[in-house]
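Q: Below is one structure. I have some questions about it.
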């Protein structure tokens with residue numbers, strides 16, 4: 001896969017040298033530097049500003065203006081390249097907008113189409129990005145090592161932009177969590193594929209939850225546990241040569257001192273250990289002591305309404321047990 005494939009053109013290496021000078025973009029009619037606007041660097045900066053309390057639209061506009069100012073300085077601060085003059089004079093006069101004033105750049109057009117379907121702006125933009133990631137993944141031969149979920153949880157954090165930069169991890173986690181949420185609802189997760197997905201290139205064959213636990217990504221961990229609960233019980237592969245035993249995600253979180261993730265996973269595992277299956281013999285011991293047929297139908301009817309959700313079983317069981325004891 002060529003570098004930057006998942007983020008479309010303009011993301012190669014995430015360095016300023018990879019972006020064309022603004023004047024060249026003008027010649028192509030690409031005044032808004034859309035290569036940059038679809039890059040990983042752009043969206044990470046947007047999410048960082050969002051985490052500071054800015055609205056989605058304000059965050060995007062600030063990042064775009066910062067880019068315009070940067071390009072203006074790179075081009076020698078020529079008056080003809082001043083961002084304000086460019087926006088009010090050159091953009092409206094361009095062939096792109098002169099001939100088709102209602103024409104939107106490709107990405108925004110796709111986003112607005114999804115908005116028209118009732119989606120929020122952020123959800124629409126995330127769906128468009130995930131669709132492109134899936135498309136590029138397929139074009140690359142559907143290699144497991146290039147799976148979008150694995151790329152987000154393994155390759156992105158290890159990139160030069162985020163490696164040894166813990167201050168940037170909150171913004172990265174927020175972006176990964178939003179995109180992963182969309183991905184888990186996509187065709188790539190048909191048949192709950194990610195519940196058994198493993199990184200075959202890793203000697204220990206980690207699951208997605210192992211990577212999230214190692215990174216200390218609490219929100220991503222919660223998303224994976226909710227959507228793919230079997231990952232909780234997934235072990236890594238033991239390594240005989242290095243005497244490394246197989247480990248659960250919660251153990252990797254403890255080893256990596258990811259306290260928040262470790263505490264959450266320990267709580268979930270503890271609840272599952274106490275889980276009672278609401279069927280005989282766990283159904284009320286007074287099964288043969290119902291006062292009436294109505295009482296039997298009422299109590300057993302309530303049990304049947306409980307969803308097959310192990311994270312909620314224990315609480316339902318405790319509440320119903322109390323109600324029945326009161327009788």
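Q: Test of understanding: what is the full-extension gain from residue 185 to residue 239, defined as 0.36 nm times their sequence separation minus their Cα-Cα distance?
A: 16.1 nm
Q: Between residue 164 and residue 56, what FRET efficiency comes out of the Förster formula 1/(1 + (r/R0)^6) with R0 = 22 Å and r the beta carbon distance, rounded to 0.05?
A: Approximately 0.15, to the nearest 0.05.
Q: Would you order 199, 144, 167, 82 from fewest to most other beta-carbon atoms within 10 Å of each residue's own beta-carbon?
A: Going from sparsest to densest Cβ surroundings: 167, 144, 82, 199.
Q: Counting other C-beta atoms within 10 Å, which of 121, 43 has the fewest, and how do the rest follow?
A: With the sparsest Cβ surroundings first, the list reads 121, 43.
Q: Same structure, new question: Could you check the simple spin-label distance between residue 82 and residue 263, using points 7 Å along Cα→Cβ, in nm with one decimal?
A: The modelled label-to-label distance comes out at 5.3 nm.
Q: Then there's this: With a point put 7 Å past each Cα toward its Cβ, work out how far residue 297 is from residue 200 in nm, to one decimal.
A: Roughly 5.5 nm, to one decimal.
Q: Still on this structure: Sorting 295, 187 on the 10 Å Cβ count, fewest up front, what's the list?
A: Arranged by neighbour count, lowest to highest, 295, 187 become 187, 295.
Q: Roughly how many nanometres apart are two label points built 7 Å out from the Cα toward the Cβ at residue 69 and residue 140?
A: 3.5 nm
Q: Would you mind classifying region 143-191 by shape? Square roots of the alpha carbon gyration tensor eigenvalues, ordered a ≥ b ≥ c; an a/c under 1.5 is rounded, otherwise it is prolate if a/b is larger than b/c and oblate if not.
A: In terms of gyration-tensor shape, oblate.
Q: Let me ask you something else. Which shape class applies to region 144-270: rounded if a/c is under 1.5, otherwise prolate when a/b exceeds b/c and oblate if not, where a ≥ b ≥ c are the square roots of the Cα gyration tensor eigenvalues?
A: rounded
Q: Rounded, prolate or oblate for region 167-239? Axes are the square roots of the Cα gyration tensor eigenvalues, ordered a ≥ b ≥ c, and the cut-off for rounded is a/c under 1.5.
A: Judged from the Cα gyration tensor, region 167-239 comes out oblate (a/c at least 1.5, b/c at or above a/b).
Taken together, the values in this text are just the output of simple stated rules run on the coordinates, not laboratory data. All figures in this text were calculated on a predicted structure; none of them were measured in a lab. Reconstructed Cβ throughout: ideal geometry from the backbone, glycine too, with neighbour counts over all protein chains shown.
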